[in-house]
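Working notes for the structure below.
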Amino acid sequence: MKYDVIIIGSGLGGLECGTILSREGYNVCVLEKNRLFGGCLQTFVRHGYSLDTGLHYVGSLGEGQILNQSFRYFGIMDRLRLKKLDDNAFDRIWLNGKFYDYATGPERFAETLAVQFPHERDGLEDYVRKISAVGNLVSVENLKKGFVSSQDGLKYMYVAASDAIASSVTDPVLRNVLGGNCLLYGGERGRSSFYEHGMIMSSYLEGAWRCVDGGMQIADLLVSCIRACGGTVMNCRKVTRIAVEDGHVTGVETVSPDGTSEFLEASNVISDIHPLNTLAILDRNSRVKPAYRMRIETLDNTYGVFTLYLMMEPRTSPYLNYNIYFHRGDDVWYSRSASRGVFNSCLLSMQPVSSDSGYASVISVMAPMYMDELLQWEKTGPEARGDSYLEFKARRSAELMQFLGECEADIEGRIACTLATTPLSYRDFTGTCEGSAYGLVKDCSNPLLSMVSPRTRLGNLFFTGQNVNVHGVMGVTLSSIMTCSEFLGQEYLTKRIAYA
């Protein structure tokens, strides 16, 4: 069989592209190298507990908001099990002994922080105006007009998030508070763009939601949608080659766990895996120039994440309906040189037992970590890294718990068991280069250099996923719409979604 479109990778971007194109009549095949679908949406089970991989909360899911409308078009919105986080504080920033709350809604957000920073009321209002301006670049109204995002967004890509915050407020503590959730996008001072910061903050200010029973439900629902529309979704099928003849992709070679190989023909291929990994399996050809390969090879990846899962004994740990970002020191932005081997920041997020439960089943604690710390196990695979790796994880877990203690984090309840994962886990189970949590760095000093277009010089090979636009559920969804617009036309697709 020859498919209209083969999609490499079943992360959110791959599944969304598969859903869109299969709904619009394309014969689609999604290929996943692992057993589980979903990439960073995966939920896996250890000791009887379901653990989230990367999705801990999501914004813009309220009625009339862009992610809600996109999920409605996919046919999954009304089937999701969601719990809205507290409007008075969906995020709390702990900074050197004090809590600062992020409230839902731009006006309430500014007013809440103005209680602790009355001298910065005007600056906070200026900040939320900037955030709203970035957020308004994408909206259901824009979809109705026939486009995904306003071109005005480019100017925000040239501004560092840390600089934009500093231009609004002068208080050094408040500047850190406003950058306090930078772990959400791999934030680096002077490098991460205000476009990323603004898109993510605007999305959560519209309302923050947690997936009850894990983010895997999104992947499962999208897989069901693709299959219901006649598409194919296969796991345990690793793509080892993208074949090119006469300047066009002709299909892909796959290998199964038993070593069986198969060539699948396709009129088009969409890659949801990292561009560097895509180029590694792409046949050499005259269309993709060495300069392009070199540019992709030299781009930096964002840092990875060390995650410590605390699996709590039933009904012992009260559920907190917000997230907490802990920071110590005088700078919340991550520094690769200053922070290597030391935990100075982390995110604490809870998984509820159910939507109406007052208890947490799992507490996830996530902290930045680069692959640099893991080089001695770089060539190893899961379950084959040896005792030294287990000792490393145990030591770093203890250090992370000590850091929480120093931040006066009061974790109530009894811990039944723990599990630690590193950037190596991300690399092996989600296919991200260097175990990066957020893909390529979108460097504000040269955003066009680090920008990956959905279209390639090969007319029927496309990119999608977090490396194309902004990472996260909303960013990847917008990237999926942009990629599929190359097939369907942007005006047609955006209006289909807007009026679904």
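Key figures
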read-out	value
Candidates Thr422, Thr464 - the one that is of a type in the set (Ser, Thr, Tyr) and touching a Pro at 6+ places or on another chain (Cβ under 8 Å)	Thr464
Single residue of segment 156-183 satisfying the filter (out of contact with any strand residue (DSSP E or B) (no Cβ under 8 Å at 6 or more places or on another chain) and among the hydrophobic types (A, V, I, L, M, F, W, C)) that is nearest to Ala103 (Cα to Cα)	Leu178
Residues located in segment 102-111, provided they are surrounded by 15 or more Cβ atoms within 10 Å (Cβ to Cβ) and farther than 17 Å from Ile165 by Cα	Ala103, Thr104, Arg108
Verdict on Thr19 being surrounded by fewer than 24 Cβ atoms within 10 Å (Cβ to Cβ), within 24 Å of Ile273 (Cα to Cα) and not aromatic (Phe, Trp, Tyr)	no
Among the candidates Ser453, Ser397, Ser436, residue that is of a type in the set (Gly, Ala, Ser), at pLDDT below 95 and crowded, with 16+ Cβ neighbours inside 10 Å	Ser436
Arg284 vs. criteria surrounded by fewer than 17 Cβ atoms within 10 Å (Cβ to Cβ), part of a loop (DSSP other than H, G, I, E, B) and of a type outside the set (Gly, Ala, Ser)	yes
Residue tally, condition of a type in the set (Gly, Ala, Ser) and out of contact with any strand residue (DSSP E or B) (no Cβ under 7 Å at 6 or more places or on another chain), over segment 226-283	6
Any hit, segment 141-164, residues being modelled with pLDDT of 95 or more, within 27 Å of Asn321 (Cβ to Cβ) and not small (Gly, Ala, Ser)	no
Given (1) modelled with pLDDT of 95 or more; (2) more than 30 Å from Val269 (Cα to Cα), number of the condition Thr232 does not satisfy	(2)
Residue match in segment 369-390 (condition: outside the structural domain of Gly187 (by TED's automatic domain parsing) and touching a Gly at 6+ places or on another chain (Cβ under 6 Å))	yes
Test: Ser224 is over 21 Å from Leu61 (Cα atoms), modelled with pLDDT of 95 or more and surrounded by fewer than 20 Cβ atoms within 10 Å (Cβ to Cβ)	no
Number of the exception - Thr250 against (1) of a type in the set (Val, Ile, Thr); (2) free of Cβ contacts under 8 Å to residues at least 24 places away in the same chain; (3) assigned to a helix (DSSP H, G or I)	(3)
Test: residue in segment 49-64 that is modelled with pLDDT of 95 or more and among the aromatic types (Phe, Trp, Tyr)	no
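The values are calculated or read from the model by the stated rules, or taken from the named source; none is laboratory data. Keep in mind it's a predicted model, so treat the numbers as computed, not measured. Positions of Cβ are backbone-derived with ideal geometry, glycine not excepted, and every protein chain shown enters the neighbour counts.
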